[in-house]
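**Q** A single structure is presented below for examination.
The values are calculated or read from the model by the stated rules, or taken from the named source; none is laboratory data. Keep in mind that what you see is a predicted model, and the values were worked out from it rather than measured. Cβ atoms come from the backbone with ideal geometry, glycine included; neighbour counts cover every protein chain shown. Heads up: the accessible areas ignore ligands, DNA and RNA and are worked out on the full protein's heavy atoms, side chains in. Shrake-Rupley method; radii C 1.70, N 1.55, O 1.52, S 1.80 Å.
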Amino acid sequence: MYEAALLNPAAVRRAALVALWVQVVALIAYGIYQALGSSGADLLLNSLDVVLATISLGLWTALLGDFLRGAQPGQAQLGVPDPRLRVFRAVYPWLIALRAAMWLLTSLALLGGAGDTANPLAVLVLFLVWGGGIVGGLAVYTISAALFATPSDAAGRARLLTWLNLSAALSVGMTVMNVWPPTGFLPAPALTDQLIWAGLGVLDVLATLLALRAVQVMPVQESGELTQQRN
């Protein structure tokens, strides 16, 4: 039964979308939790990151749902771009830029002597996984932004599968680093924070893998006409 569900495009699609929407809600809840315990610059940066991440993931999930159902991009027949896709393309680069800036600033602080007492190998792994996650997010969103407008692009679909697979692996690594950060580089998180990071990480990995599977088993679209006939 389990294997049959993994081969059923409709079942996998529903599971992936449910997991992704739960992740959107979890991001909102996490943002509220962080806001209650932050102030000053931390509050501003954390809130901005959560807002941009929530909008980007929410729009990506909505567009992915249409893509997996084989629906034409909104108003494509009239030559009018889908407004959700336009907003998505405008928002996600700011999220990636913010996260890349934070990665760069933290890297400069590290070069300036921060975390000298930490295990250098553990810190290096942290920065590689963190940076890789940022690159993976950029790749998934950029490829999706093009693929959602041209759902019959087989090469774009293959690239999306590759980056979703890589992103899931990087998410596992980042979850481990968030729950058990390198000693001496970051303060040990409280048990509550560890549980929150673990939950968010598991949800991210699960949603990414389900999205990967949903794209794998979805019917291949050969043309816009075929999509219109199915609808």
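**Q** Would you pick out the residues in the stretch 176-193 that are closer than 26 Å to Gly112 by Cα and in a helix (DSSP H, G or I)? Working first, answer last.
**A** Going through the stretch 176-193, the residues closer than 26 Å to Gly112 by Cα turn out to be 176-189.
Val176, Met177, Asn178, Val179, listed by residue number.
**Q** What are the pairs with Cβ atoms under 6 angstrom where one residue, in the stretch 97-121, is farther than 17 Å from Asp42 by Cβ and the other, located anywhere, is of a type in the set (A, V, I, L, M, F, W, C) and surrounded by 11 or more Cβ atoms within 10 Å (Cβ to Cβ)? Sequence gap at least six, or different chains.
**A** Final answer for the pair search is Ala100/Ile134; Gly115/Val123; Gly115/Phe185; Ala118/Phe185.
**Q** When the stretch 189-217 is examined, which residues are found to be among the charged types (D, E, K, R) and under 18 Å from the mean Cα position of the chain (by Cα)?
**A** In the first step, residues of the stretch 189-217 are kept if they are among the charged types (D, E, K, R); the result is 193, 204, 213.
Result: Asp204, Arg213.
**Q** Could you pull out the residue among Thr208, Thr227 that is among the β-branched types (Val, Ile, Thr) and either at pLDDT below 90 or surrounded by fewer than 15 Cβ atoms within 10 Å (Cβ to Cβ) (or both)?
**A** On the way: Thr208 fails: either at pLDDT below 90 or surrounded by fewer than 15 Cβ atoms within 10 Å (Cβ to Cβ) (or both).
Just one listed residue meets the conditions, Thr227.
**Q** Follow-up question, since we're still on this one. Mind counting the residues in the stretch 109-160 that are under 16 Å from Leu68 (Cβ atoms) and among the aromatic types (Phe, Trp, Tyr)?
**A** Residues that pass the stated criteria total 1.
Yes/no matrix, rows are residues, columns are (1) outside any helix (DSSP H, G or I); (2) open to solvent by less than 50 Å² (accessible area, probe 1.4 Å):
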site	(1), (2)
Ile96	no, yes
Ala100	no, yes
Tyr141	no, yes
Ser152	yes, no
Ala155	no, no
Leu161	no, yes
Met174	no, yes
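**Q** Cβ-Cβ under 8 Å, sequence separation 6+ or interchain: first residue in the stretch 157-184 and small (Gly, Ala, Ser), partner outside any helix (DSSP H, G or I) and open to solvent by less than 60 Å² (accessible area, probe 1.4 Å). Which pairs?
**A** Between residues of the stretch 157-184 that are small (Gly, Ala, Ser) and residues that are outside any helix (DSSP H, G or I) and open to solvent by less than 60 Å² (accessible area, probe 1.4 Å), the close pairs are Gly184/Gly115; Gly184/Ala118.
**Q** Gln34 - would you say it is at pLDDT 95 or above, polar (S, T, N, Q), part of a helix (DSSP H, G or I) and surrounded by 14 or more Cβ atoms within 10 Å (Cβ to Cβ)? Spell out the reasoning first.
**A** Numbers: at pLDDT 95 or above: no; polar (S, T, N, Q): yes; part of a helix (DSSP H, G or I): yes; surrounded by 14 or more Cβ atoms within 10 Å (Cβ to Cβ): yes.
For Gln34, the condition - at pLDDT 95 or above, polar (S, T, N, Q), part of a helix (DSSP H, G or I) and surrounded by 14 or more Cβ atoms within 10 Å (Cβ to Cβ) - is not met.
**Q** Give the number of residues within the stretch 136-156 that are touching a Leu at 6+ places or on another chain (Cβ under 7 Å) and either free of Cβ contacts under 8 Å to residues at least 12 places away in the same chain or within 26 Å of Thr192 (Cα to Cα) (or both).
**A** 1
**Q** Residue under question is Val220, and the condition is that it be modelled with pLDDT of 95 or more and open to solvent by 60 Å² or more (accessible area, probe 1.4 Å); does it hold?
**A** No: the conditions fail for Val220.
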